[in-house]
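Here is the structure we will look at, set down as structure tokens.
The values are calculated or read from the model by the stated rules, or taken from the named source; none is laboratory data. Quick caveat, the model's predicted, so the values are computed rather than measured. So basically every Cβ, Gly included, is an ideal-geometry build from the backbone, and we count neighbours across all protein chains shown.
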Amino acid sequence: MGPPHWPKYPPGEAYLKATNDPLAARELARLGGRLMAHDLKAVGVDVDCLPVLDVPVPGAHDIIGDRAYARDPATVAQLGRAAAEGLLAGGVLPVIKHMPGHGRAFADSHKELPTVGVDLDTLEAWDFAPFRALSDMPIGMTAHIVFTAIDRKRPATQSRRAIRLIRERLGFGGLLLSDDLCMNALSGTLTQRAEASLKAGCDLVIHCTGDLDEMRQVAEGVGPLRGGAARRAQAALARIVRSPEPLDIEVARARFDAMMAGRLEAARGPDVGEIQA
């Protein structure tokens, strides 16, 4: 969804760059999420794969790049939550990704399997922190990355140990999605990739190319949604508000555009929560 029919929204890092005020950046991220929710809801979409909670480290591959809200866990958590709250207020479910963290990867998982070799304490203090802070969100997405401190052989998406860590150490009880099965970080047929991801503990798998033959292969590796996965799916869907937060879209979009352009003073007006339809 983009121009000319829909607005082009800025990447995550743009919010902090638009203002030197962290509170203003948080307002901006929430407002951006709320406007995205408005556009999505209008065409019947009620889930968006946002926010990216990965925290890049120096020298890492730039695949996360400008999608990262910041370069430290605390700010990523703050702005990520703001964006997620904006989506939820507009009736759209956010998806926190890529669990338990993609910011330290030195390879692009679309092309190859990254391996992260740092110790668990380092991961806990940096990579895991934003996900733990947003563990109450309804949906999460896994990373196709091997974390040797967790599982030396399998990427998180297909690792029971990694999924257990996401559930227990990060405290995430929501619906857990795989990342795209077509990415080259995974091996085997699409059927095998789907089976391995679900066996490890993912609730759902994602296939993104839209190729019908590939979709049939994926379908052979999955079954009906049942048990804990079905309960988590229902719990996630129950988080969709039936009556979105009132919002004057024209006023809100003008404020958002002005703030993104750095014209904060010109954008001053009522707080987002006070804007009424």
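Conditions (1) touching an Asp or Glu at 6+ places or on another chain (Cβ under 6 Å); (2) surrounded by 14 or more Cβ atoms within 10 Å (Cβ to Cβ); (3) of a type outside the set (S, T, N, Q), marked per residue:
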{"residue": "207", "(1), (2), (3)": "no, yes, yes"}
{"residue": "210", "(1), (2), (3)": "no, no, yes"}
{"residue": "238", "(1), (2), (3)": "no, no, yes"}
{"residue": "243", "(1), (2), (3)": "no, no, no"}
{"residue": "246", "(1), (2), (3)": "no, no, yes"}
{"residue": "249", "(1), (2), (3)": "no, yes, yes"}
{"residue": "258", "(1), (2), (3)": "no, yes, yes"}
Please identify the pairs in which a residue from region 60-89 that is at positive phi has its Cβ atom under 8 Å from the Cβ atom of a residue that is in a loop (DSSP other than H, G, I, E, B), counting only partners at least 6 apart or on another chain.
-> 65/11; 65/56
Would you tally the residues in region 1-25 being of a type outside the set (A, V, I, L, M), outside any loop (DSSP other than H, G, I, E, B) and either at positive phi or surrounded by fewer than 21 Cβ atoms within 10 Å (Cβ to Cβ) (or both)?
-> 3
When region 250-277 is checked residue by residue, the ones that are among the β-branched types (Val, Ile, Thr) and modelled with pLDDT of 95 or more are 251
Exactly one of 132, 154 is out of contact with any Pro (no Cβ under 8 Å at 6 or more places or on another chain) and either without any contact (Cβ under 8 Å) to a residue 24 or more places away in the chain or closer than 26 Å to residue 194 by Cβ (or both), and that residue is 154
Could you give me the residue pairs with C-beta distances under 8 Å whose first residue belongs to region 234-246 and is in contact (Cβ under 8 Å) with a residue 60 or more places away in the chain, whose second residue is basic (Lys, Arg) and in a helix (DSSP H, G or I) wherever it lies, and which are 6+ apart or on separate chains?
-> 244/41; 245/34
So, of the residues in region 17-59 that are modelled with pLDDT of 95 or more and among the basic types (Lys, Arg), which turns out to be nearest to residue 91 (Cα to Cα)?
-> 41
When region 11-42 is checked residue by residue, the ones that are among the hydroxyl-bearing types (Ser, Thr, Tyr) and more than 12 Å from residue 79 (Cα to Cα) are 19
Scanning region 133-177 for residues that are part of a strand (DSSP E or B) and under 19 Å from residue 104 (Cα atoms) gives 140, 141, 142, 146, 147
Failed criterion for residue 122 (all others in (1) of a type in the set (Val, Ile, Thr); (2) free of Cβ contacts under 8 Å to residues at least 24 places away in the same chain; (3) touching a Ser or Thr at 6+ places or on another chain (Cβ under 7 Å) hold) | (3)
